[in-house]
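Student: Pasting in a structure now, in structure tokens, and then I'll have a few things to ask.
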Amino acid sequence: MTTSDHVCPIEDVQSSTDLRSLDIDKVGIKSIKHPVLVKDKTGGAQHTIATFNMYVYLPHNFKGTHMSRFVEILNMNEREISVESFENILREMIKRLESKSCDVEMTFPYFINKTAPVSGVKSLLDYEVSFIGKIVDGKFKNTIKVVVPVTSLCPCSKKISDYGAHNQRSHVTVTAEINKFIWVEELIELIEKQASSELYGLLKRPDEKYVTEKAYDNPKFVEDMVRDVAAQLKLEKRINHFVVESENFESIHNHSAYALIEG
């Protein structure tokens, strides 16, 4: 008789029955990092690190889900996960975890090489980008989220002051459910065009003069920002649904101004 003949099977506790009759809408893992490969509009590719949140729906009769399978699914893909394999990850989650719905959030830094408006000097600027996928009853939903830093200048301050006006750095966040492929750069450009001024990684003195005066000539309340961005998003046929938010980190207050439009 071998040693293996005495080995007892290890109980699968997660698959045991739960008697509380409560479904769990989302259960899974958060904040796991994995390399990703993202193509950019210039024809190149960015190798970066994404933070993943992965969830499935759990019926009331199961005590728990198999957490290790989320990690296995990430590692089943090539070393660097690409955007093209994103939907496949969700399909595999549905299959391996035997669920009717699942969600994946993949957040990573994305860099754009920007050209200063006067000197023409080039520099990289980073943006926070998220790809959010969801499958419900076999249907895949694809959402892109971008956080874009911009400059906003206060119209009220400009109006009431003899000279100058206070301005601040703002974060404009757009979450867009798409029905057709759209470049990250296209969303970012749409947002930056509605700001008092866009940001750059590197500016020479003539550039600094240009962006300062541009912001002064183009004042925006936080309300103006979300309305102007929302108006442009409504014209984009590749977007089914969107949420646009703006948070202005006030330079004369110790709080932020905030606005949101859903459309």
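The values are calculated or read from the model by the stated rules, or taken from the named source; none is laboratory data. What you are looking at is a predicted structure, and each value in this text was computed from that prediction instead of being measured. Virtual Cβ from ideal backbone geometry, glycine too; neighbours counted across all protein chains shown.
Student: Residues that are hydrophobic (A, V, I, L, M, F, W, C), more than 16 Å from Arg238 (Cα to Cα) and touching a residue at least 24 places away in the same chain (Cβ under 8 Å): does the stretch 173-186 have at least one? Spell out how you get there, then give the answer.
Tutor: Pass one, the stretch 173-186, residues hydrophobic (A, V, I, L, M, F, W, C): 174, 176, 178, 181-184.
Right, trim to more than 16 Å from Arg238 (Cα to Cα) and you get none.
Checking the stretch 173-186: not a single residue is hydrophobic (A, V, I, L, M, F, W, C), more than 16 Å from Arg238 (Cα to Cα) and touching a residue at least 24 places away in the same chain (Cβ under 8 Å).
Student: Next question. Every residue in the stretch 202-261 that is within 30 Å of Ile178 (Cα to Cα) and among the hydroxyl-bearing types (Ser, Thr, Tyr), please.
Tutor: Of everything in the stretch 202-261, those that are within 30 Å of Ile178 (Cα to Cα) and among the hydroxyl-bearing types (Ser, Thr, Tyr) turn out to be Ser246, Ser256, Tyr258.
Student: Go through (1) of a type outside the set (Ser, Thr, Tyr); (2) more than 14 Å from Phe242 (Cβ to Cβ); (3) in contact (Cβ under 8 Å) with a residue 60 or more places away in the chain and name the single condition Lys139 misses.
Tutor: All conditions are met except number (3).
Student: A further question on this structure: Looking at Arg79, Arg91, which one is more than 30 Å from Leu202 (Cβ to Cβ), modelled with pLDDT under 90 and of a type in the set (Lys, Arg)?
Tutor: Working: Arg91 fails: modelled with pLDDT under 90.
Criteria check complete, one pass: Arg79.
Student: Related question: If you go through the stretch 136-166, how many residues are buried (at least 19 other Cβ atoms within 10 Å of the Cβ), farther than 15 Å from Gln194 by Cα and modelled with pLDDT under 95?
Tutor: Of the residues in the stretch 136-166, 1 are buried (at least 19 other Cβ atoms within 10 Å of the Cβ), farther than 15 Å from Gln194 by Cα and modelled with pLDDT under 95.
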